[in-house]
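The values are calculated or read from the model by the stated rules, or taken from the named source; none is laboratory data. The shown structure was predicted, so the numbers you read here are calculated from the model rather than taken from an experiment. As a convention, Cβ positions derive from the backbone with ideal geometry for all residues, glycine included, and neighbour counts pool all protein chains shown. When the accessible area is computed, the model is the full protein with side chains, heavy atoms only, and any ligands, DNA or RNA have been set aside. Shrake-Rupley method; radii C 1.70, N 1.55, O 1.52, S 1.80 Å.
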Amino acid sequence: MHDTTISTKDFQMLAGIVYQETGISLSDNKVDLVKARIAKRMRTTRIPSLKEYINVIENDASEFCCFIDAMTTNHTYFFRENKHIEYMVENLPQGPMHRIWSAACSSGEEPYSMAIQLAEAGRKFEIHASDISDTMLETASKGIYPKDRTRSVPVPLVRRYFQQGQNKWDGYFKVKKELREKISFFKYNLISDPPRDEYDVIFCRNVMIYFDHETRQHVVNKLYQSLRPGGMFAIGQSESLVGVEHPFKYLRPSIYCK
Ligand SMILES: C[S@@+](CC[C@H](N)C(=O)[O-])C[C@H]1O[C@@H](n2cnc3c(N)ncnc32)[C@H](O)[C@@H]1O
């Protein structure tokens, strides 16, 4: 029997750990979500009480990572908010090699969607894709997805860029090697890792929605430093930079330029 009762004090302590590590603000209305996710970790690790679980995450780096993974929301899908990708493809000139960063790529659907459309348009590109979650990065590097996850990808593109699984992989699609090789996946924490070398494009979508104002400001300005002058920056459709002090030029909803 697992005792997953979370007192207000425990919740605040756990929320503090999550905030410090990821920048994610867990408000009080997330108590049930946090409880459910911790209960799942406790069942998986067979740790019988919350007190012991807290002790484990404080002392065991690997369970700490699993805990952080469990606290993040990884929902994504192929061709999500595709207007940003279409805009990028239309506006990147033919010819030079483009350096693109999908920051907070989750299980990889975003960078693969970019790669498919850039390849279709004949652009030269390399994509760097990062996330804080090891589990998501592992899924992303494998590039294997249940068939229904590819439902928004036009059928001819599924045929061109995915291999259909057989036997035990029936019902799965794997991104073809040539496309996978265009993307390098790596761990990057938007809160604590330093700015990176200049990119032509940065997508940081549907993660800042979980950040408070101060964290958003820190992340947006760090990503500004990681773009080359004239580079494009995209945030999620339901996100906003209103109230955030930043030097970006507004281009269109959720798209900015350095
Ligand atoms: C909802 S997904 C967004 C995926 C994709 N960008 C999209 O728009 O569909 C949010 C991702 O942000 C990641 N994340 C949360 N906090 C982070 C941080 N501090 N640094 C890097 N990634 C973070 C989570 O692990 C999760 O995979």
Length gained when the stretch Gln225-Lys124 is fully extended (0.36 nm per residue, less Cα-Cα span): 34.0 nm
Ordered by number, the GluC sites (Glu not before Pro) in region 163-204 that occupy a DSSP loop and have at most 11 other Cβ atoms within 10 Å are Glu181
Residue-normalised 222 nm signal for the chain, counting each DSSP H run of n ≥ 4 as -39,500 (n - 2.57), nearest 500 deg cm²/dmol, is -12500 deg cm²/dmol
Straight-line reach from Lys83: which lysines have Cα under 21 Å away, leaving out those fewer than 8 places along the same chain? Lys124, Lys249, Lys258
Translational D in µm²/s for the chain (Stokes-Einstein at 25 °C, 0.890 mPa s, Kirkwood Rh from C-alpha pairs): 125 µm²/s
Full-stretch length increase - Lys142, Asn59 - with 0.36 nm per residue and alpha-carbon distance subtracted: 26.9 nm
Calculate what fraction, in whole %, of the accessible area of the chain sits on carbon and sulfur atoms when a 1.4 Å probe is rolled over the protein chains. 51 percent
Helix 31-45: inclination vs the chain longest Cα principal axis, degrees, rounded to 10, gives 80 degrees
Just tell me which lysines come within less than 22 Å, Cα to Cα, of Lys35; anything on the same chain fewer than 8 places away is out. Lys9, Lys51
Expressed as an acute angle from 0 to 90° and rounded to the nearest 10, what is the orientation of the C-alpha long axis of helix 61-71 relative to the principal long axis of the chain? 70 degrees
Angle, helix 8-22 long axis vs. longest principal axis of the chain, Cα atoms, 0 to 90°, nearest 10? 30 degrees
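Just add up the charged neighbours of Lys40: K/R +1, D/E -1, any other residue whose Cβ is under 14 Å from the Cβ of Lys40. Write down the numbers at each step before the final one.
Details: positive: Lys35, Arg37, Arg41, Arg43, Arg46; negative: Asp32, Glu63, Asp69.
Net charge around Lys40: +2.
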Take the Cα coordinates of region 8-71, assign each an equal point scatterer, and use the Debye formula without solvent to give log10 I(q)/I(0) at q = 0.13, 0.25, 0.26, 0.29 Å⁻¹. -0.29, -1.21, -1.31, -1.61
Find how much the distance from Thr45 to Asn189 grows on full extension, using 0.36 nm per residue of separation minus their present alpha carbon separation; answer in nm with one decimal. 49.3 nm
Solvent-accessible heavy-atom area per residue, rounded to whole Å², over region 8-71 at 1.4 Å: 57 Å²
Per 5 Å bin, what is the whole-percent P(r) computed from every C-alpha pair distance within region 173-258? 3, 13, 23, 24, 17, 10, 6, 3, 0
1/(1 + (r/R0)^6) with r = Cβ-Cβ of His75 and Met13, R0 = 30 Å, i.e. FRET efficiency to nearest 0.05, evaluates to 0.70
